[in-house]
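The values are calculated or read from the model by the stated rules, or taken from the named source; none is laboratory data. Keep in mind that what you see is a predicted model, and the values were worked out from it rather than measured. Cβ sites come from the backbone with ideal geometry, for glycine too, and all protein chains shown count toward neighbours. Side chains are part of the model used for accessible areas, which takes the heavy atoms of the whole protein and leaves out ligands, DNA and RNA. Shrake-Rupley method; radii C 1.70, N 1.55, O 1.52, S 1.80 Å.
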Amino acid sequence: MLTYKSNKNAQKYIDCISYATGINYDAGYFEVDNQRVNNMSFSLGLSLPLEYNAFSALNISYSYGQKGKIGDGLIKENYHKLSLNLSLGGICFVKRKTD
């Protein structure tokens with residue numbers, strides 16, 4: 001997976017957005033007639049902070065993938081997946097600057 005964030009000390013909201021992309025391949029855990037069902041996927045994502053320089057963010061990602069293959073008694077499945085995730089960074093884990 002590859003992630004990119006333009007600047008940690010950004011002055012604009014758009015500069016606080018993080019971008020991510022990745023490729024995944026696994027041999028799978030599912031087996032048909034002693035043949036593993038392989039899985040390959042490609043994903044793109046954004047992490048949108050809920051507030052300027054906040055710990056909480058809304059994460060959105062899209063994945064396209066393929067499972068299996070045509071032949072040897074197997075079928076191939078193409079899939080699209082859209083994920084939405086809310087990450088809440090707790091303020092209780094931030095060290096206070098003053099007592």
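Here the accessible area is traced with a 1.4 Å probe on the protein chains. For the chain, carbon and sulfur cover 57 percent of it.
The lysines within cross-link reach of residue 76, meaning a Cα-to-Cα straight distance under 29 Å and a gap of 8 or more places when in the same chain, are 67. Using 0.36 nm per residue and subtracting the Cα-Cα separation, the extra length available between residue 84 and residue 4 on full extension is 26.9 nm. Candidate cross-link partners of residue 69 among the aspartates and glutamates, defined by an alpha-carbon separation under 14 Å and a same-chain spacing of 8 or more, comprise 26, 31, 33, 77. Tell me the relative contact order for the chain as a rounded percent, counting alpha carbon contacts under 8 Å between residues six or more apart. After rounding, I find 19 percent. Normalised per residue, the accessible area of the chain is 83 Å², obtained with a 1.4 Å probe and no contribution from ligands, DNA or RNA. Sorting 28-36, 13-21 by their mean Cβ neighbour count within 10 Å, with the most densely packed peptide first, gives 13-21, 28-36.
At full extension, residue 66 and residue 40 could sit 8.8 nm farther apart than now, given 0.36 nm per residue minus the alpha carbon distance.
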